[in-house]
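Every read-out reported here was derived from the displayed coordinates using simple, explicitly stated rules and does not represent laboratory data. In this text the structure is predicted, and so the values were computed from the model without any measurement. Ideal geometry is used to build each Cβ from the backbone, glycine not excepted, and the neighbour counts take in all protein chains shown.
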Amino acid sequence: MSTWVTNHVPGMIRCQGQTVNQFGLDQTGIIDYQFNQQGFRSLVDFDFVPDHAFFGCSSVFGIGVAHNYIFPSMFPLSHNYGLAGIYNNDDVFLIVDNYLHSSAFNKATKKFVYWVNRNTESLDLYSRQLSKLGFIQAFCGDKMSYKNCFSGVPNVDTDVSNTHMGISTHLITYKLLCKLFKQ
């Protein structure tokens, strides 16, 4: 039986299967946010094994940036499990854990997680576990000292709401991840 990852974050799951033009800190109405049937920002449902899987904060989600300019969308056959709105690192890890036990999981899939700098009590445990599984990890705050852990890319521009990384920063992040994924 196939099992796929479903979002549990209330603000996002309410948008399941919909397109909205205001979400999280972006209330400008300029950007359309399309949510798939699992409650994640995507043009397609996640009913396939991805080549790349992205987890974490609203920068992964892509607040204030059109879908085709966010770094997870620059990778073909990818899943964007980025969260936005009201969530924390426990929510991020729960999505990762659900992925690891789902039909979407494949050891060969390249995986990335971007941690937020709030609710960091369990971050050491989470980061250590994911490092052992080969995840590349970035941090909005202090980075962990485990393998494949990096500081987040500094913003060179901002999104339409001036609260998150902009298009140029997404492109820099994409290029850095290509190198880290050895593509």
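The GNM of the chain, with springs linking C-alpha atoms under 10 angstrom apart, assigns the highest mean-square fluctuation among VAL20, VAL49, VAL113 to VAL20.
Eigen-decomposition of the gyration tensor built on the alpha-carbon atoms of segment 119-183 gives equivalent ellipsoid semi-axes of 24, 16, 8 angstrom, largest listed first. For the chain, the number of Lys pairs separated by eight or more positions or lying on different chains, with C-alpha atoms closer than 21 Å, is 25. Computed on the chain, with alpha-carbon pairs under 8 angstrom and 6+ residues apart, the relative contact order is 21 percent. For segment 14-121, the relative contact order comes to 27 percent (Cα pairs under 8 Å, sequence separation of at least 6). Based on the Stokes-Einstein relation at 20 °C and a viscosity of 1.002 mPa s, and on the Kirkwood radius from alpha carbon pairs, segment 9-91 is assigned a translational diffusion coefficient of 170 µm²/s.
Here the dipole of the chain is about 640 debye; that uses its Cα centre as origin and unit charges on the Cβ of Lys and Arg (positive) and Asp and Glu (negative). Among the chymotrypsin sites (Phe, Trp or Tyr not before Pro) in segment 12-69, those located in a DSSP loop and surrounded by at most 13 other Cβ atoms within 10 Å of their own Cβ are PHE48. Loop-located trypsin sites (Lys or Arg not before Pro) in segment 19-123 (DSSP state other than H, G, I, E, B) with a sparse environment of at most 13 neighbouring Cβ atoms within 10 Å: LYS107, ARG118.
Of the beta bridges DSSP finds with both residues in the chain, what % are antiparallel, to the nearest 5?
Numbers: 5 of 22 bridges.
Close to 25 percent.
Computed over the chain, the percent of Cα pairs more than 30 Å apart is 9.
Converting phi to 3J(HN,Hα) with the Karplus coefficients 6.51, -1.76 and 1.60 and the offset θ = phi - 60°, segment 64-80 yields x, 10, 4, 3, 6, 10, 8, 4, x, 6, 7, 9, x, 6, 10, 10, 9 Hz in sequence order, with x at every glycine or proline.
Could you state the number of Å between the C-alpha centres of segment 56-91 and segment 119-166? So the two Cα centres are separated by 13 Å.
Can you tell me what share of the DSSP beta bridges in segment 1-98 is antiparallel? A percent to the nearest 5 is fine. In segment 1-98, approximately 45 percent of DSSP beta bridges are antiparallel ones.
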